[in-house]
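See structure below.
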Amino acid sequence: MKEKMEALRQSFEQELQKAASSDAVEKLRVAYLGKKGSVTELLKGLKTVSAQEKKELGQHVNHLKRQVEEKLAQRVEAIQAAEEQREIDSAEQYDVTLPTVGAKGSYHPITIVQRQLEEIFASMGFVVEDYNEIVTDYQCFEAVNIPKDHPARDMQDTYYLENGQLLKTHTSAAQNAILRKYGAPVRAIFPGRCFRNEATDASHENTFFQMEGIMVDKNISISNLIYFMKTMLSEVFERDVKVRLRPGFFPFVEPGFELDINCLICGGEGCSTCHHSGWVELCPCGMIHPNVLQMGGVDPEEYTGFAFGLGLTRLVMMKYGVKDIRDLNSGNLKALGQFAHE
């Protein structure tokens, strides 16, 4: 039996050296370790020997089996490594030092302006926050002083979901969460995408981008609001921009204002973008209503603050001279690919 095992081991090693492919190794495995393999037959042959011999011979056969298994695995690994190397050596060679010829991608113009604004406000001590697009009725309306029976809800044709939540109609939906997160004092901006079921035209879309900003501290006044708005606009447009403040009603601010800018597309002469008025509504703003501060956990007797809702989409239109707001959501790469972040 021992002589037979030694002859089998030598035969296996000779055949293994000749195996040049994974398929050949697999056939060799079946020939020696399969159900009718040579090593398997040796194990079956132990039935015919005495109990004393069975123990000793069994150890030798099991040792031979382990040797065969290990050498088969090593041979497969060596063959695979050689095949991979041959594939690498035969692959087409490239000079990685050559310059690329592909066209560069570009950021969406709204992304460019949003990042620019984030840098501007960060330089003035504002933190940048993100917020959900799906919110509760409380977050979007009640927490910003718009109860369920308030007529201001009619101004925003809202997309409601089956579970009672909704697509946020304005970035003001984050005010309560930001106030509760930071308390007072706080300076924060929170850009985001908003949704309203509006009829689309050159200056209205059902999906648009805003940037909300709040500043809460002691002795904050309208003059602080005007300063930050003028600073922001001069940085964005890199020139003096004619603006006007007019009274406006928003339940979450008191007093409230509409900040308009002179239409930069027509120079104030009147066009379809500004509805031939020469002015574009850009930034509803005002002093945060005491009820909003109180619901956000801030004492309105001790702190005051301002809030603004900057229309990022309209700001992009003014900055780059985009005449139709629908171009920004069109996915037209020819139109959107011309913008570059300097």
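Observations on the model:
- Checklist (1) touching a Ser or Thr at 6+ places or on another chain (Cβ under 7 Å); (2) open to solvent by 30 Å² or more (accessible area, probe 1.4 Å) applied to residue 263, failing item: (2)
- Only one of 149, 157 that is in contact (Cβ under 8 Å) with a residue 24 or more places away in the chain and over 19 Å from residue 288 (Cα atoms): 157
- Subset of segment 7-35 (residues that are assigned to a helix (DSSP H, G or I), farther than 20 Å from residue 82 by Cβ and small (Gly, Ala, Ser)): 7, 11, 31
- Residue, least open to solvent (accessible area, probe 1.4 Å), within segment 169-196, restricted to residues that are of a type in the set (Lys, Arg) and touching a strand residue (DSSP E or B) at 6+ places or on another chain (Cβ under 9 Å): 196
- Segment 150-168 - residue that is open to solvent by 70 Å² or more (accessible area, probe 1.4 Å) and not polar (S, T, N, Q) and, of those, nearest to residue 309 (Cα to Cα): 155
- Failed item in (1) more than 20 Å from residue 187 (Cβ to Cβ); (2) among the small types (Gly, Ala, Ser); (3) open to solvent by 50 Å² or more (accessible area, probe 1.4 Å); (4) in contact with a helix residue (DSSP H, G or I) (Cβ under 8 Å, 6 or more places away or on another chain), with residue 297 passing the rest: (1)
- Only one entry in 199, 122 is open to solvent by less than 60 Å² (accessible area, probe 1.4 Å), of a type in the set (A, V, I, L, M, F, W, C) and without any contact (Cβ under 8 Å) to a residue 12 or more places away in the chain, namely 122.
- Meets criteria (under 19 Å from residue 203 (Cα atoms) and buried (at least 23 other Cβ atoms within 10 Å of the Cβ)) for residue 271: no
- Restricting the first member to segment 265-280 and to residues that are closer than 16 Å to residue 322 by Cβ and at pLDDT 85 or above, and the second to residues that are charged (D, E, K, R) and assigned to a loop (DSSP other than H, G, I, E, B), no beta-carbon pair is closer than 7 Å while six or more apart or on different chains.
- Single condition residue 251 does not satisfy, out of (1) open to solvent by less than 20 Å² (accessible area, probe 1.4 Å); (2) more than 25 Å from residue 300 (Cα to Cα); (3) more than 30 Å from the chain's Cα centre (by Cα): (2)
- In summary, helices (runs of 4 or more DSSP H) completely within segment 67-182 and bearing 1 or more residues that are at pLDDT below 90 occur at 109-123.
- Every test in (1) surrounded by fewer than 21 Cβ atoms within 10 Å (Cβ to Cβ); (2) within 28 Å of the chain's Cα centre (by Cα); (3) free of Cβ contacts under 8 Å to residues at least 40 places away in the same chain is passed by residue 141 save one, and that test is (1).
- If you go through segment 221-251 and pick out every residue that is more than 22 Å from residue 268 (Cα to Cα) and assigned to a loop (DSSP other than H, G, I, E, B), you end up with 4.
- Qualifying positions in segment 205-218 - in contact with a strand residue (DSSP E or B) (Cβ under 7 Å, 6 or more places away or on another chain) and in a loop (DSSP other than H, G, I, E, B): 206
- Residue that is modelled with the lowest pLDDT, among those in segment 184-214 that are of a type in the set (Gly, Ala, Ser) and closer than 28 Å to residue 271 by Cβ: 203
The values are calculated or read from the model by the stated rules, or taken from the named source; none is laboratory data. Because the structure is a prediction, the values reported are computed rather than measured. Because the Cβ atoms are built from the backbone with ideal geometry, glycine has one as well, and the counts that use them run over all protein chains shown. Quick note on the areas: whole protein, heavy atoms, side chains included, nothing else; ligands and nucleic acids left out. Shrake-Rupley method; radii C 1.70, N 1.55, O 1.52, S 1.80 Å.
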